[in-house]
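Notes for the one structure printed next.
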Amino acid sequence: MELKKNKYEKILKVGIPVLMAVSLLWFVFLPHYYRFGYVLLILTGVVLIFAAIINRNKICLCFKDRKNLKSVNAVTTIILTVIIIGAVNYIAYRNERKMDLTRAKINTLSDQTVKVLKNLKDNVHFTAFLEPATDGASFEYAMEKYKYYTNNISYEVVDPNKDPIKARNNNITNYGTVIASVNNNEARFESLTEEDITNSIIKLTRTGKKKIYFLSGHGERDIDSDNAEDYSFIKKIITGQSYTAEKLNLLTLKTVPQDANLLIIAGPKKIFFEKEISAIQNYIKNNGAVFILSDPSSPKYTITPNQNVNRILAGFGVKLMDDVIIDPQSKLFGVTEAMPVIQSYDSGPLDLGILISDKKNNDIVVFGNSSFVANQYVSHAANSDIFMNAVSYLAKDNDLISIRPKTDESGRFSMPGGLLVGLFTVYVVPFSILASGVVYWYKRRRK
């Protein structure tokens, strides 16, 4: 019996440290497979209990001997270290926290993307035909950020050179195309930006396309022109959000089309005919939504632009004045004093924009400027967000009201020693504690 007991003791002397080390290494290097780590911890606990039972007499003597008591303390410290490190790794894995140090927060998904993902009910699959080691790796990184918020995203990276059959079946001839698919519908894009990825999800999961008309015929901002003062960039943003955008000339059509979900009047420079005013007012009375962007007077205009707006809004209790806000600090941001840079939305003596909504479900948004989303300014600050949030509200797409994806800005925070810090905190410190405990225990035992 004594020989058998000694045999168990020899096995336990080797087995317990091995199990403890494997458990520690598992939680440090493979936290995603934490369930098996739990099995190792439970097994270690069972073995420790078994060792305590067969060595109960020695344990009792240890507590009576001061020399042995120190050895027990050392072993206890090692065991607690393993437990604490395992618990910390598990908590860190289950409660992931990230820090984005880029100026525009480009490594953090935008509010709009997060909102889209949390409301996502369809399964969206992305097939990226990319070079795995370069763009493929970047795409996988982006997809993991999306999967953090939903289980309805899946993806694969395909190398067209290694899988030519799949590439040919999808009409892929070279690297760079990503196909997003939902059921039998698909959307293709080539830029790996958050904006393109999120827009593909919106296009595939929203039923139907809402139509937005831009009034034309009075010198309004042109949605088909790439000139600095026009709106081709805004049209691209709108169509990317699963809307359609078309021009509307009320001198030829007479009425606002019934399929209009929103009418936008952006910077008219000429007087409206009375029948055009009547057509717009009738559209509003029939629960139509209107977004008006009117500019202050200018020598190049044949009228005071607000004259048109005030005629349309007659009876709504709103009147636009021909005032201009001057902000001397605007020069610091590369624009003129007549383009104020808004940093606070508290009430002031002048309203820059207003929402008109009544019990009849008539919604009108009026801004006192149309140039802030012209091609030359649309990418400044949150200009496009303000415009698109107004569009989403008026089009009854409240789930799209948010801060949209950002693009990169100059400026970086670099930390060359980041890898060293990670290695030190994650590996060096825990293993140093473990090693020191083992050494201390071994030296005390030899004495």
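The values are calculated or read from the model by the stated rules, or taken from the named source; none is laboratory data. If you're wondering where the values come from, they're calculated on a predicted model, not measured in any experiment. Don't worry about glycine lacking a Cβ; one is built from the backbone with ideal geometry, like all the others, and counts go over all protein chains shown.
Cβ-Cβ distance below 8 Å, separation of 6 or more or different chains: which pairs start in the stretch 37-62 with a residue that is over 13 Å from Met20 (Cβ atoms) and end on one that is modelled with pLDDT of 70 or more and surrounded by 11 or more Cβ atoms within 10 Å (Cβ to Cβ)?
Matching pairs, first to second residue: Ile59/Ala52.
Here is a list: Lys300, Lys269, Lys275. Which entry is modelled with pLDDT under 70, more than 29 Å from the chain's Cα centre (by Cα) and charged (D, E, K, R)?
Testing whether each residue is modelled with pLDDT under 70, more than 29 Å from the chain's Cα centre (by Cα) and charged (D, E, K, R) leaves just Lys300.
When the stretch 166-184 is examined, which residues are found to be over 17 Å from Thr134 (Cα atoms) and either modelled with pLDDT under 90 or touching a strand residue (DSSP E or B) at 6+ places or on another chain (Cβ under 8 Å) (or both)?
Lys166, Ala167, Asn170, Ile172, Thr173, Ile179, Ala180, Ser181, Val182, Asn183, Asn184
Kindly list the number of the only condition in (1) surrounded by 14 or more Cβ atoms within 10 Å (Cβ to Cβ); (2) among the β-branched types (Val, Ile, Thr); (3) outside the structural domain of Lys254 (by TED's automatic domain parsing) that fails for Thr134.
Going through (1) surrounded by 14 or more Cβ atoms within 10 Å (Cβ to Cβ); (2) among the β-branched types (Val, Ile, Thr); (3) outside the structural domain of Lys254 (by TED's automatic domain parsing) one by one, Thr134 breaks only (1).
Restricting the stretch 342-375 to residues that are of a type in the set (A, V, I, L, M, F, W, C) and part of a loop (DSSP other than H, G, I, E, B), which is modelled with the highest pLDDT?
Ala374
Tell me, yes or no, whether the stretch 174-189 has at least one residue that is within 22 Å of Asn119 (Cα to Cα) and among the β-branched types (Val, Ile, Thr).
Yes, there is a match, as at least one residue in the stretch 174-189 is within 22 Å of Asn119 (Cα to Cα) and among the β-branched types (Val, Ile, Thr).
Quickly run through the stretch 256-300 and pick out the residues that are within 17 Å of Tyr393 (Cα to Cα) and either of a type in the set (Phe, Trp, Tyr) or not assigned by TED's automatic domain parsing to the domain that holds Ile312 (or both).
Listed by number, the list holds a single entry, Phe291.
Please go through the stretch 76-130 and give me each residue that is at pLDDT below 85, of a type in the set (D, E, K, R) and at negative phi, ordered by number.
Arg94, Glu96, Arg97, Lys98, Asp100, Arg103, Asp111
Does Ile326 satisfy the condition of being of a type in the set (Val, Ile, Thr), modelled with pLDDT of 75 or more and not in a helix (DSSP H, G or I)?
It is true that Ile326 is of a type in the set (Val, Ile, Thr), modelled with pLDDT of 75 or more and not in a helix (DSSP H, G or I).
Would you point out the residue of the stretch 376-391, among those that are assigned to a loop (DSSP other than H, G, I, E, B) and small (Gly, Ala, Ser), that is modelled with the lowest pLDDT?
The residue in question is Ala381.
Yes/no per residue for (1) of a type in the set (Phe, Trp, Tyr); (2) within 17 Å of Ser370 (Cα to Cα); (3) in a helix (DSSP H, G or I):
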site: Asn161; (1), (2), (3): no, no, no
site: Arg168; (1), (2), (3): no, no, yes
site: Leu204; (1), (2), (3): no, no, yes
site: His218; (1), (2), (3): no, yes, no
site: Ile223; (1), (2), (3): no, yes, no
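Quick check: is even one residue across the stretch 154-168 under 19 Å from Gly240 (Cβ atoms) and of a type in the set (A, V, I, L, M)?
Within the stretch 154-168, none of the residues are under 19 Å from Gly240 (Cβ atoms) and of a type in the set (A, V, I, L, M).
Lys147 fails exactly one of the following numbered conditions: (1) in contact with a strand residue (DSSP E or B) (Cβ under 8 Å, 6 or more places away or on another chain); (2) farther than 21 Å from Glu194 by Cβ; (3) basic (Lys, Arg). What is the number of that condition?
With respect to (1) in contact with a strand residue (DSSP E or B) (Cβ under 8 Å, 6 or more places away or on another chain); (2) farther than 21 Å from Glu194 by Cβ; (3) basic (Lys, Arg), Lys147 is out only on (2).
Are there any helices (runs of 4 or more DSSP H) wholly within the stretch 246-317 with 2 or more residues that are touching a residue at least 60 places away in the same chain (Cβ under 8 Å), and if so which?
Passing ranges, in order: 274-285.
Quick one: in the stretch 278-297, of everything that is modelled with pLDDT of 90 or more and under 21 Å from Phe233 (Cα atoms), which residue is surrounded by the most Cβ atoms within 10 Å (Cβ to Cβ)?
Here the answer is Ile292.
From the list Glu195, Glu229, Glu156, exactly one residue is in contact (Cβ under 8 Å) with a residue 24 or more places away in the chain, outside the structural domain of Ala245 (by TED's automatic domain parsing) and touching a helix residue (DSSP H, G or I) at 6+ places or on another chain (Cβ under 9 Å). Which is it?
Result of the check over Glu195, Glu229, Glu156: Glu195.
Pull up the stretch 141-159, narrow it to residues that are of a type in the set (Ser, Thr, Tyr) and in a loop (DSSP other than H, G, I, E, B), then point me to the one that is nearest to Asp122 (Cα to Cα).
Thr150
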